[in-house]
Amino acid sequence: MTFTQDVKRELAAVVPAESHCARAQLAGLLFAAGTFEIASGGQYTVRVSSRLPAVARSVLSLLRPMGTHAELRTADTPPAGLRYEVVLGDDPRHLQVLNEAGVLSDSFQVQLGVPPRVVARRCCRVAFARGAFLGCGSISRPGAPVHAELTFESGELAEECRGLLARLGLDFRLAARARNVACYTKRGETAADLLALLGAHGARLAWEEHLVFGEVRGRANRLANCDQANAGRAARAALRQVEALRELMAGDRWARLPAALRSAGELRLRHPYLNLTELAARGRPPLSKSALNHRLRRLEALAAGEGEKGPAGSSRRKVRASTGRPRHHRG
């Protein structure tokens, strides 16, 4: 079963407590999934069709408090496959219910748009949106690219639905297709808010759980990649240091180095795979990471021939001689 079917099963169990909200939810189902037929004699037939038996049962449960008993049929036609149909005929009570739901006008003409009286209250707008989603809605599963939509054959009805959702704080867009118009969103936050607004709290929790899991997994991957990169840099630095130390030891320069530098070099040679923090802790006495890093860098520089000491122990870099006396300038 798809995630959309799970959401619709959860929403189908939501029965509005107030009669005006029940009418609005029924109206959403009729406008979204209803097919209207007018026979030559002026007789009406309305079919609400769905692949889910839970949706058909929801329609019947909404009709029952209104004193209306509809016919439930099954139809198995390609390519739609097995579908469940709730059929309302030309019975006077059926016509009255269709009028109360805003599908028929007071003169019993088919309404092409949703009458404002049906969705005057905010709770009724939520109920209408719930019914519309049950009739023609879909939503991607958690983890897939986000896409939630309600699909209508009428562009006018799709625009009305978009405006209604906007009044509920949900930003949806329209996309015209060959045979229908989609009222859709690709924003994860909007899709999650839609689930919560309609009353699919279990589906919303599943959605949020996957988002949290995805964030944690992404953070773990970033940390692992960072650790791997750090380990790679540490290994390359250790290799350079070992090579520099072997070069220094091969000549006569090693014996002339200060004891602190020789001790740091020997420590690195004994533990070539440790990072600086671990290596500094092995010193006797233990060194700070900064001090050890400074000594190893100094050894690398010496191996490269930088800053070597001359015969008198002075640096080969030119330093301007100074008598130490202050200079006096004539005014």
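The values are calculated or read from the model by the stated rules, or taken from the named source; none is laboratory data. In this text the structure is predicted, and so the values were computed from the model without any measurement. Note that each Cβ is placed from the backbone with ideal geometry, even for glycine, and that neighbours are counted across all protein chains shown. Heavy atoms of the whole protein, side chains included, go into the accessibility calculation; ligands, DNA and RNA do not. Shrake-Rupley method; radii C 1.70, N 1.55, O 1.52, S 1.80 Å.
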If unit charges are put on Cβ atoms (+1 for Lys and Arg, -1 for Asp and Glu) and the dipole of the chain is taken about its Cα centre, the option from THR151, LEU302, LEU174 lying farthest towards the positive end turns out to be LEU302
Rounded to two decimals, the Debye log10 I(q)/I(0) of the chain (Cα scatterers, no solvent) at q = 0.08, 0.12 Å⁻¹ is -0.55, -0.86
Rounded to whole Å², per residue accessible area for the chain with a 1.4 Å probe reads 59 Å²
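Taking square-rooted eigenvalues a ≥ b ≥ c of the alpha carbon gyration tensor, is region 1-144 rounded, prolate or oblate, where a/c under 1.5 means rounded and, failing that, a/b exceeding b/c means prolate? Write down the numbers at each step before the final one.
Values: a/c = 1.81, a/b = 1.23, b/c = 1.47.
Oblate is the answer for region 1-144, as a/c is 1.5 or above yet b/c matches or exceeds a/b.
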Longest principal axis of the chain (C-alpha) makes with the long axis of helix 122-136 (C-alpha) an angle, in degrees to the nearest 10, of 90 degrees
Over the chain, the sum of -39500 (n - 2.57) across DSSP H runs of at least four, divided by residue number and rounded to 500 deg cm²/dmol, gives at 222 nm -16500 deg cm²/dmol
Counting only protein heavy atoms with a 1.4 Å probe and every protein chain in place, the carbon and sulfur fraction of the accessible surface of the chain in whole percent equals 51 percent
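Order the peptides 19-27, 58-66, 105-113 from the highest to the lowest mean number of other Cβ atoms within 10 Å of their residues.
On the way: 19-27: 23.1, 58-66: 19.0, 105-113: 10.7.
Most protected by this proxy first, the peptides run 19-27, 58-66, 105-113.
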Burial-style ranking of 77-85, 114-122, average other-beta-carbon count within 10 Å with highest first, yields 114-122, 77-85
